[in-house]
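So the structure is just underneath, and the comments pick up after that.
The values are calculated or read from the model by the stated rules, or taken from the named source; none is laboratory data. Quick caveat: nothing in here was measured; it's all calculated off a predicted structure. Cβ placement follows ideal geometry from the backbone for every residue including glycine, while neighbour counts extend to all protein chains displayed. Remember, those area values only see protein heavy atoms, side chains included, never the ligands or the DNA or RNA. Shrake-Rupley method; radii C 1.70, N 1.55, O 1.52, S 1.80 Å.
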Amino acid sequence: MDHSLHARYGLKRVVNASGRMSILGVSAPTDGVMNAMKTGGQQYVEMADLVEKSGQYVARILGSEAAVVVNSASSGIALTVAAAVTRGNRRTSLRLHQEKIEKNEIIMFKGHNVQYGAPVETMVWLGGGQIVEVGYANEGRKEHIEEAIGERTAAILYVQSHHCVQKNMIKVEEAWEVAQKHGIPLIVDAAAEEDIQKYVQCSDLAIYSGSKAIEGPTSGIVGGKAAYVDWVKVQLHGIGRSMKVGKETIFGLLQALDEYMVKEDKSEEEKAALEALQQVTKLAGVSVSIVQDEAGRAIFRGRVRIDEQAAGLSAKTVNDQLREGPIAVYTRDYGVRQGYFDIDPRSLQGDDLQVIVNRIEDIIGGNK
């Protein structure tokens, strides 16, 4: 692997065992995607025409009425909320934070108001929405949404994510039933979901990251009903101007989508590769198991559990030392305070897995 660019700018080599995370640049696009970005970026194009034509192309892949490419799933939240509160009115969209908008309430489950690198609520406020939290941190039901619907309700926002509480939460299809019954737009944030054709079928607007499961350049997609997508497009000339997408990004995303739709499922292969982690079970207090993604996706990870008394170090200490070493190893570290961290195999390259094994052995072995 060529790390000459890292050396040139004084950057560490990074081993990404955390998954498709924004803090590490999300994904590593293929040569096909990078070539499309180069070719597209080195030519001129009428941007308004590219926005329209790329949206039509994406919509055909998603199976939605319409779509628009945006610069991230985060901006997708802000733009769809702005669309819902302004209802596509051009003047209101251009004066979003000056005009008094009465119908600006966005209903969202308390268990969905998560921090994913920025709080979901920040993006809602950026789009001119006012959050109405419903349900509880460990429960979200249909009636919780229904009881909050009123004259000021602009939309319902459902966040489909591993970051969210999964326990006692209704499925997106049930939220869709409530939205249809009351004639309220449903926005689904499905940023990291792999089934990109599912969520446009049970929402008015669905938001995807273009750089997570799809493995394109940093970008986002909003797909859904044509009337609502048109409202989103109006926002591109308001708050969306600061979120605009470059031509090279759009061309790269379209190529990534083409490749994604014919990509083979490698989950079993990735699961098998994780067996190499068993080497660290020779260390005192260390055990390894294979776990499936908490949100039910076909993603398998190696869970490294550390018994602090036997190993002499806590999972958090080991994880910190992995990240802060000469090669920065980033794990999926949501469970460090419960005594474990996970190794996500999807973004591993070359000898990355062996580097992880060696570093764990050095850290725990060196403690003895």
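Taking the conditions (1) over 23 Å from the mean Cα position of the chain (by Cα); (2) under 28 Å from PRO345 (Cα atoms); (3) surrounded by 15 or more Cβ atoms within 10 Å (Cβ to Cβ) in turn, THR249 satisfies each one other than (1).
Among all positions in the stretch 63-71, there is at least one residue which is closer than 20 Å to THR218 by Cα, modelled with pLDDT of 95 or more, in a loop (DSSP other than H, G, I, E, B) and open to solvent by 20 Å² or more (accessible area, probe 1.4 Å).
In the stretch 11-62, the qualifying residues are those that are β-branched (Val, Ile, Thr) and more than 28 Å from ASP195 (Cα to Cα), and the one that is most open to solvent (accessible area, probe 1.4 Å) is THR39. When we screen PHE300, PHE341 for residues that are modelled with pLDDT of 90 or more and among the aromatic types (Phe, Trp, Tyr), the only hit is PHE341.
Matching residues to (1) among the basic types (Lys, Arg); (2) farther than 26 Å from SER22 by Cβ; (3) touching a strand residue (DSSP E or B) at 6+ places or on another chain (Cβ under 7 Å):
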site: TYR208; (1), (2), (3): no, no, yes
site: LYS233; (1), (2), (3): yes, no, yes
site: ASP258; (1), (2), (3): no, no, no
site: LEU277; (1), (2), (3): no, no, yes
site: LYS282; (1), (2), (3): yes, yes, no
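Every test in (1) under 24 Å from SER161 (Cα atoms); (2) in contact with a strand residue (DSSP E or B) (Cβ under 6 Å, 6 or more places away or on another chain); (3) open to solvent by 30 Å² or more (accessible area, probe 1.4 Å); (4) not in a helix (DSSP H, G or I) is passed by GLY302 save one, and that test is (3). Checking each residue in the stretch 314-368 for being buried (at least 18 other Cβ atoms within 10 Å of the Cβ) and polar (S, T, N, Q) picks out ASN319, GLN321, THR331, SER347. Scanning the stretch 4-39 for residues that are hydrophobic (A, V, I, L, M, F, W, C) and either free of Cβ contacts under 8 Å to residues at least 12 places away in the same chain or assigned to a strand (DSSP E or B) (or both) returns LEU5, ALA7, LEU11, VAL14, VAL15, ALA17.
Of the candidates TYR44, TYR57, the single residue that is at pLDDT below 95 and more than 25 Å from TYR158 (Cβ to Cβ) is TYR44. Put simply, of ARG346, ARG337 the only residue that is outside any helix (DSSP H, G or I) and on the phi < 0 side of the Ramachandran plot is ARG346. Looking only at the stretch 176-229, which residues are assigned to a helix (DSSP H, G or I) and touching a Gly at 6+ places or on another chain (Cβ under 9 Å)? Of everything in the stretch 176-229, those that are assigned to a helix (DSSP H, G or I) and touching a Gly at 6+ places or on another chain (Cβ under 9 Å) turn out to be TYR199, VAL200, GLN201, ALA227, TYR228, VAL229.
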